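Working notes, structure below.
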There are 2 protein chains.
Amino acid sequence: MTEDALIARYFAPLAGPGADGLRDDAATLTPSPGHDLVLTADAIVAGVHYFPEDPPASIARKALGVNLSDLAAKGARPRGYLLTLALPPDWTEPWLAGLTDGLREAAEAFGCPLLGGDTVRAAGPALLGVTALGEVPAGTMVRRPTARIGDRICVTGTIGDAALGLALRLAPDAAWVAGLGEAERDHLRDRYLHPRPRLALAATLRRYASAAMDVSDGLVGDLAKMLRGAGRGATVDLADIPLSPAAARAVAAAPDLLGTALTGGDDYEIVCTVAPDHLDAFRGEALAAGVPLAVIGSVEADAGAPVFRDGEGASRSFAAGAFSHF
Amino acid sequence: MTEDALIARYFAPLAGPGADGLRDDAATLTPSPGHDLVLTADAIVAGVHYFPEDPPASIARKALGVNLSDLAAKGARPRGYLLTLALPPDWTEPWLAGLTDGLREAAEAFGCPLLGGDTVRAAGPALLGVTALGEVPAGTMVRRPTARIGDRICVTGTIGDAALGLALRLAPDAAWVAGLGEAERDHLRDRYLHPRPRLALAATLRRYASAAMDVSDGLVGDLAKMLRGAGRGATVDLADIPLSPAAARAVAAAPDLLGTALTGGDDYEIVCTVAPDHLDAFRGEALAAGVPLAVIGSVEADAGAPVFRDGEGASRSFAAGAFSHF
C-alpha cells in the first residue's frame, strides 16, 4: 500500500474544514476574530508512553488526549491537530484501522478535527506525534509561571489513578491489587489508557486562574515546576489531595503507593492557582461545568519545593520528584 | 540529563516570539490581520530520509527545509515551527548540539522560529517531525488541484540533482561518478543534503500561479499527482526540463540516469501552472526574486499521466513513476 492510498483510505475521512480531504500539501486555519492561536506538541512512543499491545483506539485517544489536556490547561478551545505517525515494520492494516477509528472518535468527542500530518516508516517502535492548535481571546492564554502569593491551589478530578493503573499492569500479582474489586482495577487501568482532557474547564480557567498547567508528570513535580517558574513555594495538605475510591483503597493497603500516586504520570488533570477572592466563583463555575475541584493548599512567598503536610502537620517529601516519560 | 535540562540548554535559545523561552506548556501565535494560517507537517527518519552519519546540522536543515518547501509552494510566508524529536538510544550531546545549531541557522535563514515541540526517547532510529506554520492573505493559498487547460507548466531551479546526489552516495564507484569533476560531485551531494525552499517565490506564486506544489517525490510523479487532482493531463518537453551542468553531464554519461533525475526525490523545487496571459509577468517577477524558472510544457484537456516528449517528438515513459520515501 502506497502512502497516498493509505492517506486516502484511513486519514482523508478524518479531515476537518480547511484540510480539503487531505488532497493538498497544506491546510488552512483562520482563528476566530480577535483570537490568538495556542500551539502545543506531544508525542507518544510504544514501550515508553503506552504498551505496544494496548488497543489501537486507546493509543489514538491517548495521543490526542495528552495534547488537548495542554490546551485545556491554557484555557484554549481546540481547533484541530496534525499527526506525525511513524509505523513500525510490523504494522498491520487492522491496527491502523483501529487507530484511525480511535482518532475519529476522540476528535469528535474533543471537537478537534485532523488538519494534516505525515506517515513514515521507521525501523523502531510506533510513534504518534501530535501538534494541537487551539484558540483563546487575544492575550488570555493562562500561563504557567504567574501564580501569586496567597493564591489557593486547586486540582481537578482525582490524582494518581493512572499511575496506579500503570503499577497494576506492571505488577498484577501485587498484594494491593488483590485487595481491589474488579471495578476498581478497571477504573485505574482506564485512567492510564484514556486521558480525559478537562476542556470543559477552559473558559473558567481563563476567567479565574492566575496560573495553570496540566498534571502529566505527577502532581508533586508539576506543582513544583509551576511554582519554580513564579519564584514561589507552597504548602499542600495531603489529606486534601483528591483520590478516587480505588486509589484510596490501594493507598490504605500499601501506604507507599501514595508516592506513586503523587509522583507518577498521566493524570491529565489540571493544577491551577486562584486568588482567594475568586475562589467561590471559580468553584461555582467548575461545578456547573461538571468538573470536580479540590483546594489542596496555598502559594507562599518562600521559593523552594512545595511542602506536603500530613494529618499531624508533619511534612512529607517524595523522593521520586517528577515522573519522567523521557 | 533530564528533558527539562535538555530543553533549557538546547531548545530554549531557539524559541521565537510567542514561545516565551519554552517556559510554558504551549505557545501563542497570532496571524497578521486578514491572513489565514497555512499548516503542514513532514517528518524525516534516519536511514529512510537521510543517512544516520550525515552531519546533524544538515539533518536539521533538511527537517526544516522540506516543510518550508511546502509553505513556499502554497504561497505562504513562514511564521514558526514545532519539532517532535525522537532520540535513539545512542544519541550524544555533541550530536544534539550540532542539530540545534543547524536548526538555529536554518530558522534564521528561513525566518521561521521555534514555537514548541517535544523530545522523546525511542528504541529506534532518530526521527524529526516538524509542523510548520505560515500565513497568506485570506483565501489566497495556492492550491494543488486547480490547474486549467492551456496553462503553462513551470519549474524552478534544476531537477534531479538530489536524486543523483543520493545515487552517487549509494554507488560512489559507478562509472558516471568518475566522469564528474569534484565540484560537480559536491553540487549533487549538497542538493541531497540541503533543501533550498523557494520562499522567495511565495508571493509571486500567489499572484500568478493557478496551481502549485513542491517537487519532493520526483517531477514525473508529482506533476502527475497535481494534474490528476485537476482531472487534466499535460505534454512536457524533456529538453526543456532544467538540469544542472552536473546532472547534464551525468545523464550524458549514463542516459538511464534521466529516469533517476526525473523520478527521484528531494528536489524541493516548485512545479506550478500559469495562464499564458500571466506568463511574462510571472517570469519577470521570478527573475527579480532571483529564482530561475523554466517553462516545460502545457496542461491539456485529456486526463491521464503527463506525456514526456523527447527531441524527436517521441513520448518517453518512466517506469518508476513517483519516488516513495514511505
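A short reminder: the numbers here are calculations on the coordinates, not readings from a lab. The structure presented is a predicted model; accordingly, all values stated were derived computationally and were not measured. When we count neighbours, we look across all protein chains shown, and the Cβ atoms used for this are built from the backbone with ideal geometry, even at glycine.
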Item to complete: Calculate the mean, over all residues of peptide B:41-51, of how many other protein chain Cβ atoms lie within 10 angstrom of the residue's Cβ.
Response: 5
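Stretched out fully, how many nm does the piece from A:Arg148 to A:Leu287 gain, at 0.36 nm a residue minus the Cα gap?
Residue separation times 0.36 nm, minus the Cα-Cα distance, leaves 47.7 nm.
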Worksheet item: Taking the Cβ-Cβ separation of B:Ala239 and A:Glu3 as r and a Förster radius of 30 Å, what is the calculated FRET efficiency to the nearest 0.05?
Response: 0.45
Worksheet item: With labels modelled as points extended 7 Å from the Cα through the Cβ direction, what inter-label distance (nm, one decimal) is found for A:Ala175 paired with B:Val307?
Response: 8.4
Worksheet item: Using the per-residue mean of other Cβ atoms lying within 10 Å as a proxy for protection, in what order, highest first, do the peptides B:228-235, B:181-188, B:140-147 fall?
Response: B:140-147, B:228-235, B:181-188
Practice prompt. Could you order peptides A:101-107, B:29-35 by the average number of other Cβ atoms within 10 Å of their residues, highest first?
Written response: A:101-107, B:29-35
Fill in: Value of relative contact order over region A:152-310, rounded to a whole percent, pairs C-alpha under 8 Å and six or more apart
45
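With r defined as the distance between the Cβ atoms of B:His278 and B:Ser317 and R0 fixed at 35 Å, what FRET efficiency is calculated, to the nearest 0.05? Spell out each step's value before the answer.
Values: r = 31 Å, r/R0 = 0.87.
Result of the calculation: an efficiency of 0.70.
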Worksheet item: Counting Lys +1, Arg +1, Asp -1, Glu -1, what net charge surrounds A:Asp310 among other residues with beta carbon under 9 Å of its beta carbon?
Response: 0
Fill in: For region A:1-52, with +1 on Lys and Arg beta carbons and -1 on Asp and Glu, the positive-most of A:Leu6, A:Ala19, A:Val38 along the dipole
A:Leu6
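Determine the shielding of peptide B:157-168 by partner chains: average, over its residues, the number of Cβ atoms on other chains within 10 angstrom of each Cβ. Walk me through the numbers before you get to the answer.
Working: counts 0, 0, 0, 0, 0, 0, 0, 0, 0, 0, 0, 0.
Rounded to a whole number, the mean comes out at 0.
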Fill in: Neighbourhood charge, 12 Å Cβ-Cβ cut-off, centred on B:Pro145 and excluding it, Lys, Arg +1 and Asp, Glu -1
+4
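Using a 10 Å cut-off around each Cβ of peptide A:114-120, what is the average number of partner chain Cβ atoms that fall inside? Don't skip to the answer; put the middle values down first.
On the way: counts 0, 5, 7, 7, 12, 2, 10.
Rounded to a whole number, the mean comes out at 6.
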Worksheet item: How would you rank A:170-176, B:92-98, highest first, on the average number of other Cβ atoms within 10 Å across their residues?
Response: B:92-98, A:170-176
Worksheet entry | Selected from B:Ser315, B:Ser216, B:Ser298 as most flexible by GNM, with chain B as the system and alpha-carbon contacts under 10 Å | B:Ser315
Worksheet entry | Cα centroid of region A:289-312 to Cα centroid of region B:92-134, whole Å | 37
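Among residues other than A:Ile296 whose Cβ falls under 11 Å from its Cβ, what is the net charge (Lys/Arg +1, Asp/Glu -1)?
On the way: positive: A:Arg152, A:Arg309; negative: A:Asp237, A:Asp240.
That sum, taken over residues with Cβ under 11 Å, equals 0.
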Fill in: Cα-based Rg / Dmax (Å) for the protein assembly as shown
26.7, 95
Worksheet item: Counting alpha carbon pairs within less than 8 Å and at least 6 residues apart, what relative contact order, in whole percent, applies to chain A?
Response: 23
Worksheet item: Expressed as a whole number of Å, what is the distance separating the alpha-carbon centroids of region B:233-277 and region B:152-231?
Response: 8
Item to complete: Under a 10 Å cutoff between Cα atoms, tell me which one of B:Val295, B:Val215, B:Val271 has the largest fluctuation in the Gaussian network model of chain B.
Response: B:Val295
Discussion item. Given Cβ point charges of +1 (Lys, Arg) and -1 (Asp, Glu) and nothing else, what value in debye, to the nearest 20, does the dipole of region B:3-137 about its Cα centre take?
Written reply: 280
Worksheet item: Across region A:289-305, in residue order, what do the Karplus-derived ³J(HN,Hα) couplings come to in whole Hz, using 6.51 cos²θ - 1.76 cosθ + 1.60 with θ = phi - 60° and x for Gly and Pro?
Response: 7, x, 10, x, 9, 10, 9, 10, x, 9, 7, 10, 5, 5, 5, x, 4
Discussion item. Once R0 is set to 41 Å, what does the formula 1/(1 + (r/R0)^6) return for the Cβ-Cβ distance between B:Asp256 and A:Val48, expressed as a FRET efficiency to the nearest 0.05?
Written reply: 0.40
Fill in: Most mobile listed residue (A:Ala123, A:Ala19, A:Ala138) in chain A, GNM with C-alpha springs under 10 Å
A:Ala123
